[in-house]
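Before any comments, here is the structure.
The values are calculated or read from the model by the stated rules, or taken from the named source; none is laboratory data. Everything quoted here is computed from the prediction, not taken from an experiment. Here the Cβ is made from the backbone with ideal geometry for all residues, glycine too, and neighbour counts use every protein chain on show.
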Amino acid sequence: MHSKKLIPYLFLALMLVSVSVIIYAAPTGRIAGVVSDKETGDPVIDATVFVVGTSRGAQTDMDGKFVIKRLAPGLHTLRIMHADFNDAQVTDVAVKSDSTTEVSVSVEGKTKSVVMRATTTVLCDIIPSEYSNSTVISKDVIQRPSPKLPSAGEAKKRVGGDWQGSVPAREGYGFPPAHGGSAIVNGEAFDAMFFKNYGVNPFVDTEDDHLSTFAIDVDDASFIMTRSYLGRGYLPPDEAVRTEEFINHFDYEYEPPNNKAFTIHMEGAPSRFGQNCQLLKIGIKGREIRAENRKPANLVFVIDISGSMAREDRLGLVRKALLLLVDELRPEDRVGIVTYGSTGHELLQPTSVAERDVIARAISLLVSHGSTYAEEGIRLGYRMAERSLEEGRINRIILCSDGVANVGRTGADDILKQIKRYADKGITLTSVGFGMGNYNDILLEKLGNKGNGHYAYVDNLAEARRIFVENLTGTLQVIARDVKIQVDFNPDVVRSYRLLGYENRDVEDDKFRDDTEDGGEIGSGHEVTALYEIKFHKEAEGSKVGTVYVRYHDPDGEEVTEVNRTIERTVFHDEFSRSTNGFKLAAAAAEFAEILRESYWAKGSDLADVLTLAKEIALESESSDVIELLGLVSKAGQYRDQLAGN
């Protein structure tokens, strides 16, 4: 009786499966093209290109290029959107089955809508792009059977940033909202951005507590994230701004030590922005190791290939960044690759960089699909790293992700419990974030901090080059671990003090000499800078302001070293104008962050004053970083009323 009732449903199910197979197997074509600035001819990066009347679209890459796949044959209309340019439409784009139609589009500033007829070229005999991502590559290039697999070069051309989903909800927003619907939740600039507000440090009276203790932090992801927001025409959320990461983005050209791990540098002056206080800059410079003296490395790339990574500024940029890194490695270095989407997968067993083509081929096979089982991917990455763990080598995980986990244990603390024992063995972790929208800063920042490594954010190929090429030795080789700083202020001279930033790196004072307490890691040549606002007693006598203590573990053993330096009144200038450019730059970067994160201590501050100081520094400096800061402060100044109203 029951079996007879099931027959119609089974027949219907089989019909639906058959129809879906026929639809999927139907011949399709694709559109490839480039979007450029009509005035300058430069490529337009991160433009959204979608096919009107369909759910197909793509994001332009660093060269302004895009590819939209699996389009039904016929005439189509493209719409191009970008926050900084006027919308454009390209009509009558002819798509033929098993062919590529090429389109070139020039867009201009927002004046009026542009409609143009396309000039297209049809390229025939495409190699199918639906190749398997389950291929396992080892040192001997052993593969499971898969559909017709393109070469590494062909695969790199084919793997792009196309997406399938709803039409973008707002201008400049290049992907469908993570929570569904057609509008961004709570009117935010980008969907599903996860940050944590750690508060703002207050002034502390020395009679209550004369010790200030924190773990060092070399990260600058918050600054790069803010740059990405402002570049897209939005202010960052205040909780996305971490003052210490703005300060530590810049190079203050501290002199490195000759035969020890660190040098400690100090400078002070009346604060340009704080009320009735002095500004003290404490800088630490790590020992520099020449690239040729770097230890050989065992690296495991753990790559998020979930559906949310299917964009050129995510997985597309990951592929380019990893190729840059591999090109900088030496033959004695080894690379393994673990991927995770709905499940984790060992894609490439540890392979010598001497076999670069094998590694490059594996990278070219990174294709986005599925949900995000980050816990399993990280666990498999550590297991692979543990199998090849060797003393005398750098043993490091490099995690590339948007940080959003939605399968298994998804919280940072849950995942951190799994990796603690590996970190104790000497396997460090660098977390590198990619993408805007559907992004979890909380998880990636905690993994970088607690994984005995650091956290970086990559918004473009130039940033990837800075991390993986220009500062490769600093990124890979740790010179000191569990580094903590304690500043002991003299209560007879200092009435109160405030540390700018480092709220989430606070360490209890009595834990400073507890060598089981986690600190931060410093790589070769890295700098760490901390700023304090200090109020002196009016009739203070004595020249000793305080003492700086730095305590750290040897990177390869259990030896612990503590160094210190006295803070003398002589390090303070009489006037802010007499301070060095580096001091002024740190002050400008800190105040910029304090205003953006709506710090209580920046109430009444104006970005115009920060802009004036940045201009003064730029006139005396040839640093491109200073010029960039000047531009970002200027962009943020467009939102002066919004900031003043907060």
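Computed values, structure above
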{"read-out": "Failed item, numbered, when Gly435 is tested on (1) closer than 23 Å to Val528 by Cβ; (2) in contact with a Leu (Cβ under 9 Å, 6 or more places away or on another chain)", "value": "(1)"}
{"read-out": "Scan of the stretch 615-625 for residues that are surrounded by fewer than 14 Cβ atoms within 10 Å (Cβ to Cβ) and of a type in the set (Gly, Ala, Ser), ordered by number", "value": "Ser624"}
{"read-out": "Output for the stretch 92-116, where each listed residue is surrounded by 14 or more Cβ atoms within 10 Å (Cβ to Cβ), within 22 Å of Asp42 (Cβ to Cβ) and at pLDDT 85 or above", "value": "Glu102, Val103, Ser104, Val105, Ser106, Val107"}
{"read-out": "Residue that is modelled with the lowest pLDDT [pool: residues in the stretch 231-279 that are over 19 Å from Glu533 (Cβ atoms) and assigned to a strand (DSSP E or B)]", "value": "Phe262"}
{"read-out": "Answer from Glu539, Glu558, Glu562, Glu533 - the residue that is surrounded by fewer than 17 Cβ atoms within 10 Å (Cβ to Cβ), charged (D, E, K, R) and assigned to a strand (DSSP E or B)", "value": "Glu562"}
{"read-out": "Yes/no for Ser431 being in a loop (DSSP other than H, G, I, E, B), among the small types (Gly, Ala, Ser) and in the same structural domain as Val338 (by TED's automatic domain parsing)", "value": "no"}
{"read-out": "Criterion (under 16 Å from Tyr457 (Cα atoms) and acidic (Asp, Glu)) met by exactly one of Glu332, Glu312, Glu253, Glu292", "value": "Glu312"}
{"read-out": "Residue pairs meeting the criteria (Cβ under 7 Å; at least 6 apart or on separate chains; first surrounded by fewer than 19 Cβ atoms within 10 Å (Cβ to Cβ), in the stretch 230-242; second not in a loop (DSSP other than H, G, I, E, B))", "value": "Asp238/Leu596"}
{"read-out": "Leading residue by the ranking (surrounded by the most Cβ atoms within 10 Å (Cβ to Cβ)) among those in the stretch 51-66 that are outside any loop (DSSP other than H, G, I, E, B) and out of contact with any Lys or Arg (no Cβ under 6 Å at 6 or more places or on another chain)", "value": "Ala58"}
{"read-out": "Residue list for the stretch 324-369, restricted to those being out of contact with any Pro (no Cβ under 7 Å at 6 or more places or on another chain), closer than 20 Å to Leu472 by Cβ and among the hydroxyl-bearing types (Ser, Thr, Tyr)", "value": "Thr351"}
{"read-out": "Which listed residue is of a type in the set (Asp, Glu), assigned by TED's automatic domain parsing to the domain that holds His573 and assigned to a helix (DSSP H, G or I), from Asp515, Asp492, Asp510", "value": "Asp510"}
{"read-out": "Qualifying residue in the stretch 626-645 (condition: at pLDDT below 95, of a type in the set (Asp, Glu), surrounded by fewer than 19 Cβ atoms within 10 Å (Cβ to Cβ) and in a helix (DSSP H, G or I))", "value": "yes"}
{"read-out": "Restricting the stretch 481-505 to residues that are among the acidic types (Asp, Glu) and buried (at least 16 other Cβ atoms within 10 Å of the Cβ), the residue that is nearest to the chain's Cα centre (by Cα)", "value": "Glu503"}
{"read-out": "Search result, residues across the stretch 610-623 that are over 13 Å from Ser634 (Cβ atoms) and not aliphatic (A, V, I, L, M)", "value": "Glu616, Glu620, Ser621, Glu622, Ser623"}
{"read-out": "Residue in the stretch 187-209 that is farthest from His454 (Cα to Cα), counting only those that are at pLDDT 95 or above and crowded, with 19+ Cβ neighbours inside 10 Å", "value": "Thr206"}
{"read-out": "Matching option when the condition is on the phi > 0 side of the Ramachandran plot and either in the same structural domain as Arg314 (by TED's automatic domain parsing) or in a strand (DSSP E or B) (or both), among Arg79, Arg70", "value": "Arg70"}
{"read-out": "The stretch 565-614: number of residues that are in a helix (DSSP H, G or I) and exposed (fewer than 13 other Cβ atoms within 10 Å of the Cβ)", "value": "5"}
{"read-out": "Condition met for Leu365 (under 12 Å from Phe301 (Cα atoms), of a type in the set (A, V, I, L, M) and either buried (at least 16 other Cβ atoms within 10 Å of the Cβ) or outside the structural domain of Tyr455 (by TED's automatic domain parsing) (or both))", "value": "no"}
{"read-out": "Strands (runs of 3 or more DSSP E) fully within the stretch 314-413 counting 2 or more residues that are free of Cβ contacts under 8 Å to residues at least 60 places away in the same chain and within 26 Å of Ala221 (Cβ to Cβ)", "value": "334-340"}
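Residue-wise test of (1) hydroxyl-bearing (Ser, Thr, Tyr); (2) modelled with pLDDT of 85 or more.
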residue	(1), (2)
Arg383	no, yes
Glu386	no, yes
Arg393	no, yes
Ile398	no, yes
Ser401	yes, yes
Thr410	yes, no
Asp413	no, no
Arg421	no, no
Ile427	no, yes
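Residues are listed down the side, and each one gets a yes or a no for (1) in the same structural domain as Gly433 (by TED's automatic domain parsing); (2) at positive phi; (3) surrounded by 24 or more Cβ atoms within 10 Å (Cβ to Cβ); (4) modelled with pLDDT of 95 or more:
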{"residue": "Ile303", "(1), (2), (3), (4)": "yes, no, yes, yes"}
{"residue": "Gly307", "(1), (2), (3), (4)": "yes, no, no, no"}
{"residue": "Arg314", "(1), (2), (3), (4)": "yes, no, yes, no"}
{"residue": "Asp333", "(1), (2), (3), (4)": "yes, no, no, yes"}
{"residue": "Thr343", "(1), (2), (3), (4)": "yes, no, no, no"}
